[in-house]
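Structure first, commentary second.
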Amino acid sequence: MRLVRRYVLGGLLVFAFGYAIADNSPALVCNVGPAVKVYGKTNWLVYSCNDNRSVIFVSAPGNPAGPFVFSLIAKGSAYHLRGEGTGNKASSDAALGELQSLSTSSIIELIKETRQVAGPVK
C-alpha cells in the first residue's frame with residue numbers, strides 16, 4: 001500500500017511517499033523545484049525526488065486540470081505513472097498523453113531543471 005502525504009512548507013507543496021513496511025523502500029520525498037512545464041497545453045509544477053529518478057507533476061494555479069497530481073516513480077528499471085485529482089478530466093488526460101511518452105533522458109533533464117530552479121524545501 002502506498003501512502004501519499006502532502007505538506008505545505010513556506011508556501012510550497014511538498015510530497016512524501018511511503019510504502020508498506022513489507023516493501024522495505026525508504027520514504028520518497030519530492031521537494032526539489034518546481035520547474036514550470038507545459039503538458040497538454042497547460043502549466044504544471046514539476047518537483048524531483050530524493051531518489052534522483054522520480055518526479056511529481058502538480059497542476060499549476062489556473063490549470064483547469066487542478067487540483068491534480070501525477071507521480072512518475074522509478075521502480076527498478078521501469079517508471080510507474082499515476083494520476084489523482086478532481087479537476088477537468090479532458091485537461092488531465094491531455095497532460096497524461098504527453099507524460100506517458102516521456103523518455104528516460106527527458107525525465108533526467110526534468111530533474112536537472114528542478115535542481116536549477118530551487119534547492120530542497122527545508
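The values are calculated or read from the model by the stated rules, or taken from the named source; none is laboratory data. Note that the coordinates shown come from a computational prediction; the quantities given were computed from them, not determined experimentally. Counting neighbours? That spans all protein chains shown, and the Cβs are built from the backbone with ideal geometry, glycine included. Ligands, DNA and RNA are stripped out before the accessible areas are found, and what is left, the full protein with its side chains, is counted by its heavy atoms. Shrake-Rupley method; radii C 1.70, N 1.55, O 1.52, S 1.80 Å.
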Hits in segment 61-96 - residues which are open to solvent by less than 40 Å² (accessible area, probe 1.4 Å) and over 12 Å from the mean Cα position of the chain (by Cα):
Asn63, Ala65, Gly66, Gly87, Ser91, Ser92, Ala95
Can you pull out the residues in segment 51-107 that are within 13 Å of Lys41 (Cα to Cα) and either among the aliphatic types (A, V, I, L, M) or in contact with a His (Cβ under 9 Å, 6 or more places away or on another chain) (or both)?
Ala60, Ala65, Ala90, Ala94, Ala95, Leu96, Leu99
One residue is enough: does segment 97-115 have a residue meeting the conditions among the hydroxyl-bearing types (Ser, Thr, Tyr), touching a residue at least 60 places away in the same chain (Cβ under 8 Å) and within 18 Å of Asp51 (Cβ to Cβ)?
yes
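Within segment 87-109, is even one residue among the hydroxyl-bearing types (Ser, Thr, Tyr) and assigned to a strand (DSSP E or B)?
Checked against the condition, which is being among the hydroxyl-bearing types (Ser, Thr, Tyr) and assigned to a strand (DSSP E or B), segment 87-109 yields no hits at all.
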Within segment 45-72, residues being assigned to a strand (DSSP E or B) and not hydroxyl-bearing (Ser, Thr, Tyr) number 11
Pull out all pairs, ordered by first then second residue, where Cβ-Cβ is under 8 Å, the residues are six or more apart or on different chains, the first lies in segment 37-50 and is of a type in the set (Lys, Arg), and the second is part of a strand (DSSP E or B) and surrounded by fewer than 20 Cβ atoms within 10 Å (Cβ to Cβ).
Lys37/Asn43
